1. Below 8 Å, C-alpha to C-alpha, sequence gap of six or more: please give me the relative contact order for the range 1-64 in percent.
2. In debye to the nearest 20, how big a dipole does the chain give about its Cα centre with +1 on each Lys and Arg Cβ and -1 on each Asp and Glu Cβ?
3. Less than 16 Å from a label point 7 Å out along the Cα-to-Cβ axis of THR35: which backbone N atoms in the range 1-26 qualify, by residue?
4. Please identify the longest segment of the chain free of exposed GluC sites (Glu not before Pro), where exposed means a DSSP state other than H, G, I, E or B and no more than 15 other Cβ atoms within 10 Å.
5. Using only alpha carbons, build the gyration tensor for the range 1-44 and give me the equivalent ellipsoid semi-axes, biggest first, whole Å.
6. Could you tell me what percent of the accessible area of the chain is made up of carbon and sulfur, with a 1.4 Å probe and every protein chain present?
7. Mind counting lysine pairs for me in the chain? Cα separation below 17 Å, and the two need to be 8 or more apart along the chain or on different chains.
8. Taking only C-alpha pairs under 8 Å that are 6+ residues apart, what is the relative contact order of the range 129-205 in percent?
Amino acid sequence: MKLFLDTADIDQIRKYSFIIEGVTTNPSLIAKVNTEYSFEDLIQEISTIVQGPISAEIISLESGLMVEEAETIARISPNIVIKVPMTMEGLKATKRLSQMGIKTNVTLIFSANQALLAAHCGATYVSVFVGRLDDIGHNGMEVVKDTVEIFTRHNYPTQVITASIRNPLHVLAAAKVGSHVVTIPPSVIELMSKHNLTDTGLERFLQDWKKVKF
Ligand code: G3P
């Protein structure tokens, strides 16, 4: 399973670049970072830090315009993946982009049927938003599980990204159901690395080491 970082924060991307294999951004994440970069410069800067896939989202709603916008963004770097919203127009654009050899990440997926349509149109990735489903009392991970099962059974090359991660348990559950990728906010990567017993254990080792004679 690959780990992507779900952020547009350059400092955080630098900090975790030794762990992650890719980055996902969206308009909200980009709006959140207080940056002097333009959108294109920001994506370009991320591509100098991360060798793997970098998802950048288009904001057009009509398929022709979506394709034009995607072509412009894709020119920034060979590792750009175009994030396309899960609409009928988005699917049309996904199909065209796939024929053009431009990688896509169909986003805002909340059901396995949406994921199936995206895969059928040649999506490179589908992003299933588990946290937002859980927020409204649904089981987000069930959608990931069903989607992985469908893609495996029918040999779709599309990879499932578990997105909208809220806590370390989401990452664990995604790994167990065979998600190809999990895109994780920096705060959750930090939590994944921590355990109280690790901290107290290290403290004890260091204290005991002081008693050792050289
Ligand atoms: O990649 C975007 C997705 O992870 C959104 O997460 O926290 O806004 O539901 P969130």
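The values are calculated or read from the model by the stated rules, or taken from the named source; none is laboratory data. Since the model is a prediction, treat every value here as computed from it, not as a measurement. Because the Cβ atoms are built from the backbone with ideal geometry, glycine has one as well, and the counts that use them run over all protein chains shown. Remember, those area values only see protein heavy atoms, side chains included, never the ligands or the DNA or RNA. Shrake-Rupley method; radii C 1.70, N 1.55, O 1.52, S 1.80 Å.
1. 36
2. My answer is approximately 820 debye.
3. 5-17, 22-26
4. Answer - 63-214.
5. 19, 11, 9
6. The nonpolar share, carbon plus sulfur, comes to 56 percent.
7. So the count works out to 10.
8. Computed over the range 129-205, the figure is 28 percent.
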